[in-house]
Amino acid sequence: MNYTVNEHGYYGNFGGAFIPEMLFPNVQTLQENYLKIIYAEQFQKDFWDLLRDYVGRPTPLFLAERLSAKYGATIYLKREDLCHTGAHKINNTIGQILLAERLGKKRIIAETGAGQHGVATATVCALKGLECIVYMGEVDIARQAPNVARMKMLGATVVPATSGSKTLKDATNEAIRDWINNPVDTHYIIGSVVGPHPYPDMVARFQSVISEEIKKQLLEKTGNANPGYVVACVGGGSNAAGAFYHFLDDAEVKLIAVEAAGCGIDSGMSAATTQLGKPGILHGSKSLLMQTADGQVVEPHSISAGLDYPGIGPLHAHLYESGRGTFISATDEEALSSAFELSKLEGIIPALESAHALFALNKMTFKKDDVVVVCLSGRGDKDLDTYMKHL
Ligand SMILES: *Cc1c(COP(=O)(O)O)cnc(C)c1O
């Protein structure tokens, strides 16, 4: 089995580049040049320097002893919550802003759900002195107010998306519309492993620093670079892609992806794409997608804005279809319970998204010497309003 993208941008049956003609030159330029650009010596130096001195990498791999005792396994947390701006998203925006510079782009657009990708994009735009416009669903603007304030303070313009469910999918539609209207001077920094080829592969490569570090750190701590399990939540799938990346060909490492079940898989208010989705095309690639019988996108629901998306990246659709990945889900209530549990057991308040990954521990059965790495994709400051309502 092969888990890397082929030259047409496909992972198995999923991927590709389904784009309006107006965007063809932009996407083609990216397809033809992204690997050359990002693996140039100076690019790599600039990327790693910024990850170290600006983002704060490597992030720690923390042995969560009280959590381990509770679940009967050795559980490590990969602390992406300690990245500058509070989540893994900045790994990707650092890479893409360096790419935009090399492409000579002056204007940056982005979509955001929880606001973490918007903040990470506004941050690197400030760092590089580039104009930044962030599209965000009106519902998300209301439930992630602290991140909206951060983006504004960083100098970005936040534009509300008012169509559909007024969440991440709709913000992405608006960003694509902007790019169609401004194809020459604008680079679109997509925030997850979604979108037309080469975005899913490019974003996965920028995020793969997560698993690169996990391997080194685990080897140092346990004498074995490979854990039994790597667990991550999946919205579009970028923190999971980064956490899985260097384990994809290590069959003994089980890859556990956790989707948001919202109010329950069968409630009609869910975002569990692999459970509810069928193959379809959204935002430029073929993947699994929650849709009606006649192909209209079903509005998703999750308490966590970062997972409130009706699709998943094509890599994850392939991991699901091929059986390489195990896909499970956590409801809103279950994620909340895990967020409170981690806070009390380890003194770490996780993002609501990451809390979905943590809940997977309840659905797994461990042997005593199992080693589990959970990707703690972000911190919970942005979710305090939601947490307070459930205290
Ligand atoms: C955006 C976000 C996610 C979901 O996005 P992926 O691309 O699936 O990683 C998960 N956790 C946090 C903290 C986020 O900000």
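What to note about this one:
- Flag if A339 is of a type in the set (A, V, I, L, M), within 18 Å of G378 (Cβ to Cβ) and in contact with a Gly (Cβ under 6 Å, 6 or more places away or on another chain): no
- Residue under evaluation G295, criteria (1) touching a residue at least 40 places away in the same chain (Cβ under 8 Å); (2) more than 17 Å from the chain's Cα centre (by Cα); (3) open to solvent by 10 Å² or more (accessible area, probe 1.4 Å), criterion not met: (1)
- Taken over the stretch 113-154, the criterion of being more than 11 Å from L168 (Cβ to Cβ) and of a type in the set (V, I, T) is satisfied by V119, T121, T123, V124, I133, V134, I141, V148.
- Residues in the stretch 76-122 that are within 22 Å of A142 (Cβ to Cβ), open to solvent by less than 10 Å² (accessible area, probe 1.4 Å) and in a helix (DSSP H, G or I) were compared, and the one that is farthest from the ligand (Cβ to nearest atom) is A122.
- Of the residues contained in the stretch 170-192, one or more are found to be within 23 Å of Y54 (Cα to Cα) and touching an Asp or Glu at 6+ places or on another chain (Cβ under 7 Å).
- Y34, sole failed condition from (1) within 16 Å of the ligand (Cβ to nearest atom); (2) within 26 Å of N181 (Cα to Cα); (3) not β-branched (V, I, T): (1)
- L358 vs. criteria within 21 Å of the chain's Cα centre (by Cα), closer than 18 Å to Y76 by Cα, buried (at least 24 other Cβ atoms within 10 Å of the Cβ) and among the aliphatic types (A, V, I, L, M): yes
- When residues of the stretch 278-292 are limited to those that are within 20 Å of E353 (Cβ to Cβ) and in contact (Cβ under 8 Å) with a residue 40 or more places away in the chain, the one surrounded by the fewest Cβ atoms within 10 Å (Cβ to Cβ): L282
- The stretch 193-219 residues that are farther than 24 Å from Y10 by Cβ and open to solvent by less than 10 Å² (accessible area, probe 1.4 Å), paired with ones that are within 13 Å of the ligand (Cβ to nearest atom) and in a helix (DSSP H, G or I) (beta carbon under 8 Å, 6 or more apart): V209/N91; V209/G242; I214/A243
- The stretch 342-376, subset of a type in the set (D, E) and in contact with a Gly (Cβ under 7 Å, 6 or more places away or on another chain), residue nearest to the ligand (Cβ to nearest atom): E353
- Of all positions in the stretch 64-75, at least one carries a residue that is surrounded by 20 or more Cβ atoms within 10 Å (Cβ to Cβ) and part of a strand (DSSP E or B).
- Candidate set: the stretch 240-255, residues that are out of contact with any Leu (no Cβ under 8 Å at 6 or more places or on another chain) and open to solvent by 10 Å² or more (accessible area, probe 1.4 Å); chosen: the one nearest to the ligand (Cβ to nearest atom): Y245
- Positions within the stretch 212-239 being assigned to a helix (DSSP H, G or I), closer than 30 Å to I189 by Cβ and away from the ligand (no atom under 13 Å from the Cβ), in sequence order: E212, E213, I214, K215, K216, Q217
- Unique match (being open to solvent by 10 Å² or more (accessible area, probe 1.4 Å), of a type outside the set (F, W, Y) and closer than 15 Å to E80 by Cβ) among E341, E353, E321, E334: E353
- For first residues located in the stretch 93-108 and free of Cβ contacts under 8 Å to residues at least 60 places away in the same chain, partners that are of a type in the set (K, R) and in a helix (DSSP H, G or I) and lie 6+ apart or on another chain with Cβ distances below 8 Å form the pairs E101/K128.
The values are calculated or read from the model by the stated rules, or taken from the named source; none is laboratory data. Remember, predicted model here, so these are calculated numbers, not experimental data. Cβ atoms come from the backbone with ideal geometry, glycine included; neighbour counts cover every protein chain shown. To get the accessible areas, we keep the full protein, side chains included, count just its heavy atoms, and leave off ligands, DNA and RNA. Shrake-Rupley method; radii C 1.70, N 1.55, O 1.52, S 1.80 Å.
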